[in-house]
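Remarks on the structure that follows.
The values are calculated or read from the model by the stated rules, or taken from the named source; none is laboratory data. Keep in mind the model is a prediction, meaning the values are calculated, not measured. Positions of Cβ are generated from backbone atoms using ideal geometry, with glycine treated the same way; all protein chains shown enter the neighbour counts.
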Amino acid sequence: MIQWMGLLFLAIGVIVAGIGVFVWLRHRSFMRHAEVSTGEVVEYAEEVRRSSNRTMRYYFPIVRFNTPEGLLEERSKVGTSWRSHKIGLPVDVYYLRDNPARFKLKSTTSILLSVIPVSVGIVFVAIGATLSGMFA
C-alpha cells in the first residue's frame, strides 16, 4: 500500500514540476522576444467572482506605455487579489512588438508561477521516492 502511494506521489510530483518548467520556459521565451518600455498604471479594472461559498475581487492593471507605433493603453490579462503596482508610478512593461497588447509588467509573480510548482513537485518526488522504497 505504501509503495503504491509512493508511486502516486512520484507521478504527481513529476507532473507538477513539469508544469512549472513549462511555465518557466514560456516566460523565458516571451522575455527573449520582448521589447521594453516604461509605462504607468493609470487605473485598475476590478472583477468580482463568486463561487458557492465565497466572493473574490481581482484587480487588473490598466497600463499606458509607448511603443514605436505610438502610445497604448491596455488592460492586463493577469489580475491579482491585490493592487500590484501604485497608480501613477513608472513600471517596466515588456511587450511583443507584433502584438503589444500581449504585455507583462515587471514583477516577481511570473517567476513565482514557475518556482512554486517546481518546488512542490520536487518535494512530492522526494516523498514518493522515499515511500516507494527507491532509496532503500
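Go through the residues of region 115-127 one by one and say whether even a single one is farther than 27 Å from Val16 by Cα, over 15 Å from the mean Cα position of the chain (by Cα) and not polar (S, T, N, Q). So that I can check it myself, show each step before the final result.
Start the filter on region 115-127 by keeping residues that are farther than 27 Å from Val16 by Cα, which leaves none.
No: region 115-127 contains no residue that is farther than 27 Å from Val16 by Cα, over 15 Å from the mean Cα position of the chain (by Cα) and not polar (S, T, N, Q).
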> Mind checking which residues of region 46-88 are in a strand (DSSP E or B), without any contact (Cβ under 8 Å) to a residue 24 or more places away in the chain and among the aromatic types (Phe, Trp, Tyr)?
Replying inline: Tyr58, Phe60
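From Ile87, Ile122, Ile127, which residue is under 25 Å from Thr55 (Cβ atoms), modelled with pLDDT of 90 or more and surrounded by fewer than 19 Cβ atoms within 10 Å (Cβ to Cβ)?
Numbers: Ile122 fails: under 25 Å from Thr55 (Cβ atoms); Ile127 fails: under 25 Å from Thr55 (Cβ atoms).
That would be Ile87, the only listed residue that is under 25 Å from Thr55 (Cβ atoms), modelled with pLDDT of 90 or more and surrounded by fewer than 19 Cβ atoms within 10 Å (Cβ to Cβ).
Considering only residues that are part of a strand (DSSP E or B) and small (Gly, Ala, Ser), look in region 2-45 and name the one that is farthest from Asp92 (Cα to Cα). Before you say what the answer is, go through the steps one by one.
Residues of region 2-45 that are part of a strand (DSSP E or B), as a first pass: 35-45.
Subset that is small (Gly, Ala, Ser): 37, 39, 45.
On the way: Ser37: 6, Gly39: 6, Ala45: 19 Å.
This residue is Ala45.
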> Within region 89-101, which residues are touching a Phe, Trp or Tyr at 6+ places or on another chain (Cβ under 7 Å) and in contact (Cβ under 8 Å) with a residue 60 or more places away in the chain?
Replying inline: Tyr94, Tyr95
> Would you pick out the residues in region 89-115 that are touching a strand residue (DSSP E or B) at 6+ places or on another chain (Cβ under 9 Å), among the charged types (D, E, K, R) and in a loop (DSSP other than H, G, I, E, B)?
Replying inline: Arg97, Lys106
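Can you tell me which residues in region 1-54 are of a type in the set (Gly, Ala, Ser) and either surrounded by 12 or more Cβ atoms within 10 Å (Cβ to Cβ) or touching a Pro at 6+ places or on another chain (Cβ under 6 Å) (or both)? Full working, then the answer.
The first filter runs over region 1-54 and keeps only residues of a type in the set (Gly, Ala, Ser), leaving 6, 11, 13, 17-18, 20, 29, 34, 37, 39, 45, 51-52.
Those that are of a type in the set (Gly, Ala, Ser) and either surrounded by 12 or more Cβ atoms within 10 Å (Cβ to Cβ) or touching a Pro at 6+ places or on another chain (Cβ under 6 Å) (or both): Gly6, Ala11, Gly13, Ala17, Gly18, Gly20, Ala34, Ser37, Gly39, Ala45.
Going by the structure shown, is Lys86 within 18 Å of Ala34 (Cβ to Cβ) and of a type in the set (D, E, K, R)?
Working: within 18 Å of Ala34 (Cβ to Cβ): no; of a type in the set (D, E, K, R): yes.
So Lys86 fails the test.
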